[in-house]
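Below is one structure, written out as structure tokens, with a few remarks after it.
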Amino acid sequence: MTRWLMICAGAIAALSASAAHAELLLDEDFAGEASLTERGWVVEAEPQQSQWSVEDGHLRVVCHRSPYQGGRIVRAVPVTQRGVLELDARFAQEGGVNYDHLCLGIKLYGYMTAFKKYGGHNWTVYRPEQQTWYTVSDRVPLGEWTHLRVEFDIPRSRVEYYLGDARDPLLVDTDLPMSPEGETGELEIFNYGLTKGTVTHLIDNVTLSSTEAAGEGAPGVRDLTLVFRGLTSDRYRAREILEAALGAERVLSYTLMARGAATAPRNQLALDAVPGAATWAGARRVVLEDMPAGPGEVLAPWLLEDLERSVRDGAHLLVLAGPFSLGKGAWQGTPLEAMLPVEVGGPWTLRRLDMPAPLPGGNGAASLLWCHAATPVEGASVSAAAGEMPLIVSRPYGAGAVTIFLGAPLGHVPDFGDTQPFWEWDGWPDLLGRLAGVAGGDEQ
């Protein structure tokens, strides 16, 4: 089977830094006539439980109904603290009608993930503390080749799960139950045996790579822009504007969505996807477009830690404040509060100005009516004001920088008199580009 090549353009850029430093520890493509034993695998299975063999360049796993007595193959692998486990799988190649419950799993350094069918076909992870499984995804394809990737970082207690050619992980788990000791560990592929009858799976291209060197030496290329689209993103239009300046393949967006039924008077908001560690490492700029951090965990603590780390390592954070950010967006006590060039304040910092304030560079053609009353922190610089209130404030942060636009895209058009609302002004794309460090398509 051909190596997995379907990686999207955005993911290629994001993965370039870690891929350049990856060390291949295991590369098993099951090509040739050698048996599993000759390849270094130990087979532990009785014929009535399961059969494991190499056929036509694949690992063929024939699983029989044998409750809790399924069988396994094991081989020694080097231990790495940061790495990637990948494989191609074709679940239920034969006997799909019999496929039920837990049937095929993988264990690395004691960490266990497995696949089972409960209506949908689930990718699950075992939690030893709770002695239970939880679901990564319930939409793993059956009967066709599927690429699976697990990226882990043991020092950070973190693991990310990827399916197919997806740019973003299905799940980021920040409580990784993996603690190998010594220089050699085990990789195990097992069958649990709980099926209604015989089911056959195919596995190919099993690789284990170490990415420990990715965090050392010179940093990788940072050329991605991450846009977190919040509640007034339709007016700010950051994704549209930055895609026009940089190209769509270099702008990745994450959109705030309403989830679930309104069973109680509370917000039910969540992002449609989240970036993985490699994407953060490739970020040159991050835009928060009227993005709340709460209530609840709209932006989870680990995600805010990723953001802080990315900016500290060299990214530029642009905050487009809007009405649902800062204090009203529950930023108090989060890493965002410590990064900002202004004090977050309480939930009611947004003020309506007595008169429309002209936008910088607008020559009186555009103005704003609403602005946050925020106090710059020590070391911050104010480059524009709305009346007597700061409007554009910046500060360095580690190797990166943070810029905040304190205006909000609010107000009725007639209230602006002879000027345009700034978000409708034809000069807004240029101003937003300059705020983000992009001018006329050229990056600054």
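Ratio of Rg to Rh for the stretch 224-438: 0.95 [Cα atoms; Kirkwood radius as inverse mean 1/r over pairs]. Cross-link partners of LYS196 among lysines, defined as those whose alpha carbon lies under 19 angstrom from its own and excluding same-chain residues fewer than eight positions apart: LYS116, LYS117. Whole-Hz Karplus values for the stretch 276-282 come out as x, 4, 5, 5, 4, 5, x Hz, taken residue by residue from phi with 6.51 cos²θ - 1.76 cosθ + 1.60 and θ = phi - 60°; glycine and proline positions read x.
Distance between the 7 Å Cα→Cβ label points at GLU183 and ARG351: 6.6 nm.
Near GLY40, no amide H atom lies under 5 Å from its own; only residues 5 or more places off or on other chains count, and H is placed 1.01 Å from N. The long axis of helix 301-312 is offset from the longest Cα principal axis of the chain by roughly 70 degrees.
Note on GLU305/THR375: beta-carbon distance plugged into 1/(1 + (r/R0)^6) with R0 of 22 Å gives a FRET efficiency of 0.30. Filter the trypsin sites (Lys or Arg not before Pro) in the stretch 120-203 down to the DSSP loop ones having no more than 13 other Cβ atoms within 10 Å, then list what survives. Passing both the DSSP loop test and the Cβ count: LYS196.
For the stretch 76-145, the square roots a ≥ b ≥ c of the C-alpha gyration tensor eigenvalues yield an a/c of 1.5 or more together with a/b not exceeding b/c, which makes the shape oblate.
Stokes-Einstein diffusion for the stretch 93-193 at 10 °C, viscosity 1.306 mPa s, with a Kirkwood radius from C-alpha pairs, works out to 109 µm²/s. With a ≥ b ≥ c taken as the square roots of the eigenvalues of the C-alpha gyration tensor of the stretch 111-150, please select rounded if a/c is under 1.5 and otherwise prolate if a/b is larger than b/c or oblate if it is not? Judged from the Cα gyration tensor, the stretch 111-150 comes out oblate (a/c at least 1.5, b/c at or above a/b). For the chain, the relative contact order comes to 15 percent (Cα pairs under 8 Å, sequence separation of at least 6).
Using alpha carbons only, how many degrees (0 to 90, rounded to 10) separate the axis of helix 9-21 from the longest principal axis of the chain? Roughly 70 degrees, rounded to the nearest 10. In plain terms, the residue of ASP168, ASP313 with the fewest other Cβ atoms within 10 Å comes first and the most crowded comes last, giving ASP313, ASP168. A dipole drawn for the stretch 224-438 from +1 and -1 charges on Cβ atoms has a positive end, and of PRO301, LEU226, PHE416 the residue lying farthest that way is PRO301. The amide H of ARG127, built 1.01 Å from its N in the peptide plane, has THR132, TRP133, TYR134 as neighbours under 5 Å, considering only residues 5 or more places off or on other chains. Each listed q (0.07, 0.08, 0.14 Å⁻¹) maps to a log10 I(q)/I(0) for the chain, found by the Debye formula over equal Cα scatterers with no solvent: -0.44, -0.55, -1.22. Considering only alpha-carbon pairs that sit under 8 angstrom and 6 or more positions apart, the relative contact order computed for the stretch 270-384 is 22 percent.
For VAL438, the amide hydrogen comes within under 5 Å of the amide hydrogens of GLN444, counting only partners 5 or more places away or on other chains and with H modelled in the peptide plane. Within the chain, the longest segment free of exposed loop sites, counting chymotrypsin sites (Phe, Trp or Tyr not before Pro) that fall outside DSSP classes H, G, I, E and B and have at most 16 other Cβ atoms within 10 Å, spans 69-347. Which part of the stretch 196-211 falls in the paramagnetic zone of VAL97, meaning amide N under 12 Å from the point 7 Å along Cα-to-beta-carbon? Flagged as within label range: 197-198. Annotation for the stretch 63-126: trypsin sites (Lys or Arg not before Pro) lying in DSSP loop with at most 10 further Cβ atoms inside 10 Å of their Cβ do not exist. Between ALA338 and GLU44, the simple label model (points 7 Å from Cα in the Cβ direction) yields a spacing of 4.4 nm. Magnitude of the charge dipole for the chain, about its Cα centre and with charges confined to Cβ atoms of Lys, Arg (+1) and Asp, Glu (-1), is about 920 debye.
Laboratory data are not the source of any read-out in this text; all were calculated from the coordinates shown. Quick caveat: nothing in here was measured; it's all calculated off a predicted structure. So basically every Cβ, Gly included, is an ideal-geometry build from the backbone, and we count neighbours across all protein chains shown.
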